[in-house]
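Have a look at the structure below, then the notes.
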Amino acid sequence: MPHAVLRRAVRETVSGLPREFWWLWTSTLVNRLGAFVATFMALYLTLDRGYSASYAGLVASLHGLGGVVSSLAAGVMTDRFGRRPTLLVAQVSTAGSVALLGFMHHPVAIASVAFLVGMASNASRPAVQAMMADIVRPEDRVRAFSLNYWAVNLGFAVSSMGAGFIAEFSYLAGFLIEAGMTLVCALVVFAKLPESKPVQVAKETEPVVGLGTVLRDGRFMSVVGLSFLVALVFQQGSVGLPVAMGAAGFTPADYGTAIAVNGVLIVALQIPVTRFIEHRDPKRLLVISSVLAGYGFGLTAFAGSVAVFTLTVCVWTLAEIVNAPTQTGLVVRLSPVHGRGRYQGMYTLSWALAALIAPVMSGVVIDRFGAAWLWGLCAVVGTAAGLGYGLLMRRLPTEDSVRESGREPSGVVVARDSAVEVTPAAARISPVVEAGTAPQAGATPA
């Protein structure tokens, strides 16, 4: 019986999503399966090339800065030129720059190419998220984003294990394999994914969406700010936690044991938890996950053994599992159809900035005040983000009113094989057709 229940749960989780989504999902999984360089970059620079830890940190910062620079530019490209061209340019550029990085020896050359790798690799994110929003029905988006997040973590878990073996053989092989896998992703996009950018039919009724439009959207920018706070907290799992454990006398293997639970839990729980939260109130989910993340890291102040550190990782990982797809779904909900790339680019920028600032923040706080202050600060920031979401979501319209106000406008047709043109008149007659959706049987309303 449990086997039958499991089969039914898996079938319900993966059913109803379009074929294009699964090709995009496959591309994501292949990309993360080949993500070796991020895992061994610091070891490559310090052990193989003989550079200092400070230089390795500089290279990591430049990589992050490249992601910050490309976030908005990629969002504009996604809206102006399309999702598919942006993905192809980003993935081919990533493959070329990663391969080039493996042949660089001079410190200036390594740092410069690392900056380019950061730009290219981050440029695909707004396009992926915009394309996913285009091709997946609104009521299925949380599930789709969750499955994509699951693929990212599954691929990264496998690539992290493989990176160590590849590094023992040849660091250059790791660079070249990642470049090759990224090219495979580009081939999947080229061969299997049609352009999904919605085509505007009634241009005179649709306002032009520019970066200024995004910046003036106070409600959305509030979400970006809250996302930045939550991202600052989650980043401490990879920047603050290892430093704090090392300062407390724990070994790198101890940290590896604790943090490995993060990936294991995401792979094991992301799909069943998504089934539980898929149609629940996003306000409550974002408030709870933000506070849980803050206090999950806050509990680290009381950790004195690997077991307790591992327990705290379990707490904030559960928050991550809930927060990631819910937050992305909210961003799509607030994004105009013809401005999804720019809006997703701004959202991506919040995480890129957090990745850039979090290492500096954790280092300064730990050096000047001690690790306990860092974990207390995480609890405060998580609580502030939770309160912010609570206040913001009280003023958030329902999905139907958002769609009627132009966030999911009629008069557009998604450029894919199964698309059907919907005119404003037809949309008024049949709002279900306009949304391209039908309520799922037995679905619980959000």
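For this structure, a couple of remarks:
- Summed side-chain charge close to Ser289 - residues other than Ser289 whose Cβ falls under 14 Å, Lys, Arg +1, Asp, Glu -1: +1
- Protection proxy ranking for 267-274, 18-25, 296-303, 346-353, using the average of other Cβ atoms within 10 Å per residue and placing the highest first: 346-353, 296-303, 18-25, 267-274.
- From least to most packed, judged by other beta carbons within 10 angstrom and beginning with the fewest, Lys197, Lys192 follow the order Lys192, Lys197.
- Residues His105, His279, His338, His63, sorted so that the one with the fewest Cβ neighbours within 10 Å comes first: His105, His279, His338, His63
- Distance between the 7 Å Cα→Cβ label points at Ala42 and Trp22: 3.9 nm.
- Near Arg280, once Lys and Arg are set to +1 and Asp and Glu to -1 for all other residues with Cβ below 13 Å from its Cβ, the sum equals +1.
- Using bins of 10 Å that start at zero, the share of Cα-Cα pairs per bin across segment 201-396 amounts to 9, 33, 33, 17, 6, 2, 0, in whole %.
- Relative exposure of Val223, Val287, judged by other C-beta atoms within 10 Å (fewest first): Val287, Val223
- With contacts taken as Cα pairs under 8 Å and at least 6 residues apart, segment 1-120 reaches a relative contact order of 29 percent.
Every number here is computed from the coordinates shown, using simple stated rules; none is lab data. Quantities reported herein were computed from a predicted structural model and do not represent experimental measurements. Methodologically, a virtual Cβ is constructed for each residue, glycine included, from the backbone with ideal geometry; neighbour enumeration extends over all protein chains shown.
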